[in-house]
1. Given 37 °C and 0.692 mPa s, compute D for the range 60-184 with the Stokes-Einstein relation, Rh being the Kirkwood radius over Cα pairs; round to the nearest whole µm²/s.
2. Given the convex hull over the Cα atoms of the range 1-125, what projected area results after averaging over all orientations, in nm²?
3. For 95, 205, what's the fewest-to-most ordering of other Cβ within 10 Å of each Cβ?
4. Given the range 1-50, report the % of alpha carbon pairs whose separation exceeds 13 Å.
5. For the ranges 406-416, 328-338, what's the packing order if you count other beta-carbon atoms within 10 Å of each residue, average per peptide, and put the highest first?
6. Please give the length that would be gained between residue 275 and residue 149 if that part of the chain were fully extended, namely 0.36 nm times their separation in residues minus their C-alpha to C-alpha distance (nm, one decimal).
7. By average Cβ neighbour count within 10 Å, what is the ranking of 35-43, 359-367 from highest down?
8. Sorted from fewest to most neighbouring beta carbons within 10 Å, what does the list 178, 343 look like?
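Read the figures in this text as sums done on the coordinates, not as results from a lab. What you are looking at is a predicted structure, and each value in this text was computed from that prediction instead of being measured. Positions of Cβ are generated from backbone atoms using ideal geometry, with glycine treated the same way; all protein chains shown enter the neighbour counts.
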């Protein structure tokens, strides 16, 4: 019976996804999709189960309540609609993934997460307009084909290169984790005694080499696309994710002395970064962060480092004025020019977000929503750290990469690419629920039909 529910829910999500991602394109279809999903979840709560028990559930409840408040208080429903339906799809995907079990469920989750990443990367590469921000990459940009795909509900007609970079920062550590797994698999196979014939032993080794080549290709493709986006926030986030994964792998290795070395290196890097930011004049940071050739777009204009500081200050004003409810999901772009005008950024620029995921979340759904979001991240870090290192550590590094990127840019709540974030939390939920079932009494038990 449980499998029937799971299959049916996955089918509903697949059919509803286009309407929830582009809610104003077919309004009637979006309304039907929302009603059908709500009815399914309501019926499921009465005759089957309301929600799969996971460590995320408490934080998710608070987050859902804060999001509901952020939707209700909005003064621009047409702006909030696309963010709200995007969150419904993300939470629905998390719910469906959390219901998966064991090795089979993990493989299905990997397939879904990989498909999402491949789809976002393909759509981004075909629809994004890659401006020349860094001269050294100009020849490479000139060789790219013109935009081949146009998306609805976007003044640009496609994915923002900065938004694409944010998702790539999430996937780069996952690709590196895939490479780590493939290398370990090949090494373990090489150390096995040749008890079978050469022809039989050759088949699994060939498969291992295929996995290794596929993993290396995924790393090169993800890293190459990240370079092409020319997003400084993306580059910093991707580097942070790769370095974090390397540090975590070494920390969990058998060489205990490496922990002291890693702690010393982290302390030196943090201290050096703090001194650099404190001592370097803002004009130098503006030259590093500013863009010489950038057209004003929906997602970001020519925003230098000082421009980001000004946007952050306006987000803080909004949080101070609307601390418990937020100013409305996705409406900061409307509130800032109306209540807190910018001075260093042209007034006709559409600042779609606060260029900081934590400020953006608090401005969207208030401080209770930010607390819930931080709780979700805390649970995710704990689950990833306690899980099998080859499965958990890449997700821990991926979340750190995404939120390092999120310090100076943001994939706001409900944004279309943000569905990958909820899928990643769903993968961690699979690990947590499977561990509960293996341990038996250490976590909630479920009754299966």
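1. Numbers: Rh = 17.7 Å.
The Stokes-Einstein estimate is 185 µm²/s.
2. About 8.8 nm², averaged over all directions.
3. 205, 95
4. Working: 708 of 1225 pairs.
For the range 1-50, the share of Cα pairs beyond 13 Å comes to 58 percent.
5. Per-residue Cβ counts within 10 Å, averaged per peptide and sorted highest first, yield 406-416, 328-338.
6. Contour length minus the Cα-Cα distance gives 40.9 nm.
7. So the peptides 35-43, 359-367, ranked by packing, come out 359-367, 35-43.
8. Fewest to most other Cβ atoms nearby, the residues stand as 343, 178.
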